[in-house]
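The values are calculated or read from the model by the stated rules, or taken from the named source; none is laboratory data. Fair warning: this is a prediction, and the values are worked out from it, not measured in the lab. Backbone-built Cβ (ideal geometry, glycine too); neighbour counts: all protein chains shown.
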Amino acid sequence: MNSKFFVDLDLKSGRHIVAASGPCNWGVGDASAVLTDVRVTRNSVVASSAGSTTVKSSDPGWALAVSSPDILNPGPAHGRATALVTRANGTTYQFSWYDTDVKLREFPP
């Protein structure tokens, strides 16, 4: 799996939640992945995942809402996430992506 974030991410629930998502880009032999530690940071405000989400190799993308007690404003931000990928043969590996440039936007746009 070689994932990333979509560039545009929607703000929801009074701008306290980011609808984080992206494509999965599966590798040969990958069966599934558990995404954890998903964070989106805009200036000093951080929205983070309270849980995880599992995606299968048949899924073209992933999605997980991340929340912040503070209000997030629209504009440029950075995303990061970690996935524990399980291969069809049962072995696992970790894939992380950091400091991905994203843009927060009001929902609906």
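Values for this structure:
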item: Single condition Val34 does not satisfy, out of (1) in contact with a Leu (Cβ under 7 Å, 6 or more places away or on another chain); (2) closer than 18 Å to Glu106 by Cα; result: (2)
item: Search result, residues across segment 1-46 that are part of a loop (DSSP other than H, G, I, E, B) and of a type in the set (S, T, N, Q); result: Asn2, Ser3, Ser13, Asn25, Asn43, Ser44
item: Those residues of segment 1-27 which are more than 14 Å from Arg105 (Cβ to Cβ) and in contact with a strand residue (DSSP E or B) (Cβ under 9 Å, 6 or more places away or on another chain), in sequence order; result: Met1, Asn2, Ser3, Lys4, Ser13, His16, Gly22, Pro23, Cys24, Trp26, Gly27
item: Selection from segment 36-60 of residues that are of a type in the set (S, T, N, Q) and free of Cβ contacts under 8 Å to residues at least 40 places away in the same chain; result: Thr41, Asn43, Ser44, Ser48, Ser49, Ser52, Thr53, Thr54, Ser57, Ser58
item: Residue list for segment 85-109, filter: of a type in the set (A, V, I, L, M, F, W, C), over 11 Å from the mean Cα position of the chain (by Cα), over 14 Å from Ser57 (Cβ atoms) and at pLDDT 95 or above; result: Leu104
item: Those residues of segment 61-109 which are more than 12 Å from Ser3 (Cα to Cα), touching a residue at least 40 places away in the same chain (Cβ under 8 Å), charged (D, E, K, R) and part of a strand (DSSP E or B), in sequence order; result: Arg87, Asp101, Lys103, Arg105, Glu106
item: Test set (1) more than 18 Å from Phe95 (Cβ to Cβ); (2) surrounded by fewer than 17 Cβ atoms within 10 Å (Cβ to Cβ); (3) within 12 Å of the chain's Cα centre (by Cα) - Ser44 fails condition number; result: (3)
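Quick grid of which residues meet (1) in contact with a His (Cβ under 9 Å, 6 or more places away or on another chain); (2) aromatic (Phe, Trp, Tyr):
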{"site": "Ile17", "(1), (2)": "no, no"}
{"site": "Val38", "(1), (2)": "no, no"}
{"site": "Ser44", "(1), (2)": "no, no"}
{"site": "Pro60", "(1), (2)": "no, no"}
{"site": "Val66", "(1), (2)": "no, no"}
{"site": "Asp70", "(1), (2)": "yes, no"}
{"site": "His78", "(1), (2)": "no, no"}
{"site": "Phe95", "(1), (2)": "no, yes"}
